[in-house]
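> Dumping the structure here so I can ask a few things about it.
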Amino acid sequence: MNLPTVPFRQFVLKVHSRCDLACDHCYVYEHADQSWRRRPVVMADETAAWAVTRIAEHVKSNGLAHVHIVLHGGEPLLAGRERLGRLITELRGGLDGLCTLDLRVHTNGTLLDERFLDLFEEHDVKVGVSLDGDRAANDRHRRYADGRSSYDRVIRAVERLRRRPRLYAGLLCTIDVANDPRAVYRALAALEPPQVDFLLPHATWDSPPPRPAPTAYADWLIEVFELWDAEGRRMPVRMFESILRTSRGGTSLTESLGLEPADLVVIETDGTYEQADSLKVAYDGAPATGLDVFHHDLDTVARHTGVLARQQGLGGLCDTCRACPVVDSCGGGLYAHRYRTGSGFANPSVYSADLFTLITHIRRRTAMPTHSVPAVTMDALSAGYGGEEDIRCLAAAQRTIRRALLAGVGAHASATAGWDLLTRLDADHRDAVDAVLDHPYVREWAVRCLRQDGDPGYLANIAAAAAVRAGVAADLVITAVDGVFHLPTLGAFEAGPAAAARLVAEDGRFSLPDLPGAVWHPLRRLTAGDLSVALEDTDPHRHCHGHPASGRLTEAQAAGWQRMFAEAWAIIESDHPAYAPGLRAGLTTLMPLDPPEEGGSASSAARNAFGAVAAAPPADPATLALLLIHEFQHVKLGAVFDLLDLYDPAHTGRYYAPWRRESPRPIEALLQGVYAHLAVTDFWRVRRHRSGDGPGDVQFALWREQTARAIDDLERSGGLTPLGARFVAGMRRTLEPWLDEPVSGRAAAAAAELAERYRAESAAARS
Amino acid sequence: MNITDEKQSEVPSNVRDLRDVPLSDVSDLDRESIIRRLLPETPVERVPVARFNSSI
């Protein structure tokens, strides 16, 4: 096995190996592993110092920005306040300058007094408490050796913690299906924990849990889930949240679910490293590594075969689990729970039936509608076209995407004013909000913000624009970006160096009362018959097309674009009518670019700007028609990519693309190029028959051949999903008849010469 | 994450339809799910606490 190691980010320090309770379900003392009997009662200072040294080394060698350390036991508070204080000081001193340290202690709570809490407050140590529910549930197992209840002491400890909310990490409840799930949930919820963990009692196939019904644990948890859901999910329940997250492609919050690689290591009181604590339930010595802090660094531990075995994700599971439809949430359950003598850990969890039932129930109860693409729309799009309904289907999903992105930015503190106004408008003036959010560059701005490269304060500008469109009164501070106060879909104020300005809106009128000299540049529109698109030359987020955007156009320049656009649209409608309905439904914005210094044409579409096409002033209307058709292909396919997986994102193949000769292209880019050049070929197929278009024959011959070859590459790539393969087959069906259309020998020879030259240029660029 | 199944007449996506969800009600889960799909490199989903959760 030669696999990259996963650094540890979670460290469990066993600071004391004994406990003042004698819970009969405890995995440390009551299960197979009895190594606690051979260990020191408490972690010595020297051992603790070595542990800190090893963790610090590991943080440095792996460049870790954030680690979690849990002080655990036994009962860690038995180590005493002074010893714990020394350890915590050592941890803070050794790690605080290297990384962010999340430091916690898990305790049974019996000894948690104000003096311990003062210590934890001083060093920012959060506290989790084990409590199995109401008195009856808790006392079923959690008793002293003489049989006394621990309940009252633990409740008093939790009450102390509630008075120090900064320290209160949550409650951990081990399930016993003999307990009343509603009573347990209500008892825990009444303590207002910031988080609750429900833990399946540790068990294996050799030592299965008590099971009064085939899915007793699922049934118990489902009853809790229903109550939790019905009461508004008042507190996070880590198991339920993990199932919800993993069901939507996210990561699990707990080691007992999900497919994430294990990144946890235990350091025992004697300084030995152990694997997952829960492995104690499997067999005597199961968690052992044979390594210790005095002689081995943590990079060595990370390469231990037992550690690696818990990092294999789907590949580390048995066939039954791999074929299971909920494996992405379940992840095979806790590793220890899979153990059976003979087959080791290559089994489903002993709780497999429970996990399947619970996950399936939660998924069914929380199902929400998703977007879908009609098969006829996929057929139309894969053929290279797409009518009004087809493009509206893609545009509908773009609206979802923009709303989700906006909600992401809205969570930012500096976006609060804009978010408050926008959410109010969204409730009563949804059309106005949607009209603004449909502006192509809103998504580009939101993406920049989420990449920490944009100003969330611009959300106020978006909200202001929506208020203006809705005719609602508003008074808020908007933000200047690149020297302009832009209001998407309306235009921009040019107001000198001011970074922020108060905007007042009422009845659709608006002004910057504190900047009376501000010059307003309204958004202009290009029209052609009943088609109208924005001529966007002020939006500060339009610089996402890979070419320099024009500044504000003069009236004469805008008039020139109007003439060119009207004539280009006439050409599209008359000569290329298959593209007109899609453009009519989806093209909302034309963004002028500066003319390229090297001459010729320039145009672009941007993945985050659905509906926008950027173009430099074209030589003639036919060129603009070609650029619009070409770039809108990218717009369409980008929107398909947003919704559906046509290729494997992990595919690493690179392919020659004659239209981008500087370097081989990844599969996504090749798909985009093929889709665009399918339309380019189609354009020249028609155009070559028009008088005065000399190069048409050559262009047609060139691009049909090059596109066909690129389709071959796609089909052979091994990187397409089944849906992607179907999409590419659709493109081929459109192209194939064109390969038989006659072209002159001279045009064919010129096309072959160009193709050869392109290949040579590409080879030269790579050498 | 891959959704390549096809029903008879529809190709389903795993992108939740949020058009009718008020902006103020867009859940963290749905928001993060979409952001993760579009911007897989964006750290929208940090696990805030240790995943370890053994009781004592």
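> Round to the nearest 0.05 the FRET efficiency obtained for A:Asp620 and A:Ala367 when R0 = 45 Å and r is the Cβ-Cβ distance.
0.25
> Can you give the charge dipole size of segment A:411-522 about its Cα centre, rounded to the nearest 20 debye, using +1 on the beta carbon of Lys and Arg and -1 on the beta carbon of Asp and Glu?
It works out to roughly 120 debye.
> Next question. What does a probe at A:Asp482 reach in segment A:430-455, counting residues whose amide N is under 16 Å from the point 7 Å along Cα→Cβ?
A:440-449, A:453-455
> Continuing with the same structure: Determine the sum of side-chain charges near A:Leu355: Lys and Arg each +1, Asp and Glu each -1, restricted to other residues whose C-beta is under 13 angstrom from that of A:Leu355.
-1
> Would you mind pulling out the separation of the Cα centroids of segment A:89-149 and segment A:1-55, in Å?
Value for the Cα centre distance between the two parts: 16 Å.
> According to the square roots a ≥ b ≥ c of the eigenvalues of the Cα gyration tensor, what is the shape class of the protein assembly as shown, taking rounded for a/c under 1.5, prolate for a/b larger than b/c otherwise, and oblate for the remainder?
Cα axes put the protein assembly as shown in the prolate bin.
> With a ≥ b ≥ c taken as the square roots of the eigenvalues of the C-alpha gyration tensor of segment A:649-767, please select rounded if a/c is under 1.5 and otherwise prolate if a/b is larger than b/c or oblate if it is not?
Cα axes put segment A:649-767 in the oblate bin.
> Just to be sure I understand the model, the point goes 7 Å from the Cα along the line to the Cβ. What's the resulting A:Arg502 to A:Ser343 distance in nm?
7.3
> Separate question: With a ≥ b ≥ c the root eigenvalues of the C-alpha gyration tensor of segment A:4-122, is it rounded (a/c under 1.5), prolate (a/b larger than b/c) or oblate?
Verdict is oblate for segment A:4-122.
> Further question on the same structure: Let me have the 222 nm mean residue ellipticity of the protein assembly as shown computed from DSSP H runs of 4+ only, each contributing -39500 (n - 2.57), with the sum over all residues rounded to the nearest 500.
Result for the protein assembly as shown: -13500 deg cm²/dmol, rounded to the nearest 500.
> A:His521 versus A:Asp284, label points 7 Å from Cα toward the beta carbon: distance in nm?
8.1
> A further question on this structure: With +1 on each Lys and Arg Cβ and -1 on each Asp and Glu Cβ, how big is the dipole of segment A:229-388 about its Cα centre, in debye rounded to the nearest 20?
Approximately 640 debye in magnitude.
> Please list, by residue number, every one of the chymotrypsin sites (Phe, Trp or Tyr not before Pro) in segment A:381-449 that is coil in DSSP and has at most 13 other beta-carbon atoms within 10 Å.
none
> For every other residue with a beta carbon closer than 12 angstrom to the beta carbon of A:Gln672, add +1 if it is Lys or Arg and -1 if Asp or Glu, then tell me the sum.
It works out to a net charge of +2.
> DSSP loop (so not H, G, I, E, B), at most 16 other Cβ within 10 Å: list which trypsin sites (Lys or Arg not before Pro) in segment A:474-567 pass both filters.
A:Arg552
> Using the alpha-carbon atoms, what tilt in degrees (0 to 90, nearest 10) does helix A:352-365 show relative to the longest principal axis of chain A?
That works out to roughly 50 degrees.
> Another one. With both partners inside chain A, how many of the DSSP beta bridges are antiparallel, as a percent to the nearest 5?
Approximately 50 percent, going by the DSSP bridge assignments.
> Moving on. Please report, as a whole percent, how much of the solvent-accessible surface of chain A comes from carbon and sulfur atoms (probe radius 1.4 Å).
Its accessible area is 51 percent carbon and sulfur atoms.
> Pick out, from A:Ala605, A:Pro548, A:Ala262, the residue whose Cα sits farthest towards the positive end of the charge dipole of the protein assembly as shown, with +1 on the Cβ of Lys and Arg and -1 on the Cβ of Asp and Glu.
Going by the Cα projections, it comes out as A:Ala262.
> Moving on to the next point. Compute the longest continuous run of chain A that contains no exposed GluC sites (Glu not before Pro); treat a site as exposed when its DSSP state is not H, G, I, E or B and it has at most 16 other Cβ atoms within 10 Å.
A:232-596
> Over chain A, what is the mean sequence separation of C-alpha contacts under 8 Å (at least six apart), divided by residue count, expressed as relative contact order in percent?
Relative contact order here is 9 percent.
> Then there is this: Can you pull the one-decimal nm distance between simple spin-label points at A:Arg716 and A:Thr305, each 7 Å off the Cα toward Cβ?
4.2
> If you don't mind, another one. Please report, in debye to the nearest 20, how large the charge dipole of segment A:526-644 is about its Cα centre when each Lys and Arg carries +1 at its beta carbon and each Asp and Glu carries -1 there.
Computed about the Cα centre, the dipole is about 280 debye.
> Now for a separate question. Within segment A:427-486, report the trypsin sites (Lys or Arg not before Pro) that DSSP leaves as loop and that have at most 10 other Cβ atoms within 10 Å.
Counting only loop positions with at most 10 other Cβ atoms within 10 Å, none of the trypsin sites (Lys or Arg not before Pro) in segment A:427-486 qualifies.
> Could you work out how far helix A:114-123 tilts from the main Cα principal axis of chain A, as a 0 to 90 degree angle to the nearest 10?
With rounding to tens, the tilt is 40 degrees.
> Further question: How far, in degrees from 0 to 90, does helix A:238-247 lean away from the longest principal axis of the Cα atoms of chain A, to the nearest 10?
On a 0 to 90 degree scale, this one is about 30.
The values are calculated or read from the model by the stated rules, or taken from the named source; none is laboratory data. It should be emphasised that the depicted structure is a prediction, and the values quoted were computed from it without experimental measurement. Glycine gets a Cβ as well: all are built from the backbone with ideal geometry, and neighbour counts include every protein chain shown. With ligands, DNA and RNA removed, areas are computed over all heavy atoms of the protein, side chains included. Shrake-Rupley method; radii C 1.70, N 1.55, O 1.52, S 1.80 Å.
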